[in-house]
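Heads up: the structure comes next, in C-alpha cells.
The values are calculated or read from the model by the stated rules, or taken from the named source; none is laboratory data. Keep in mind the model is a prediction, meaning the values are calculated, not measured. Ligands, DNA and RNA are stripped out before the accessible areas are found, and what is left, the full protein with its side chains, is counted by its heavy atoms. Shrake-Rupley method; radii C 1.70, N 1.55, O 1.52, S 1.80 Å.
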Amino acid sequence: MIRPALAAILLLSLSAALSSCGNTARGLAQDGRDTSHALDNATHRILGAGSKK
C-alpha cells in the first residue's frame, strides 16, 4: 500500500515540475518577444524624432 502511494506522489511531483518548466520557457519566450517589440518601437520613435528637425 505504501509503494503505490509513494509512486503516485512522485509521479505527481514530476508532472508538476515539468509543467512549471514549460510555463517558464513560454514566459521567457514571451518576455523576449515583448522586449524586442519595445526596443523596435523605441528605435523608430528616436529615429523619427531626429528626422523631424
All but one of (1) more than 15 Å from the chain's Cα centre (by Cα); (2) modelled with pLDDT under 90; (3) open to solvent by less than 100 Å² (accessible area, probe 1.4 Å) hold for Met1; which doesn't?
(3)
Of all residues in the range 24-40 being open to solvent by less than 80 Å² (accessible area, probe 1.4 Å) and of a type in the set (A, V, I, L, M), which is modelled with the highest pLDDT?
Ala38
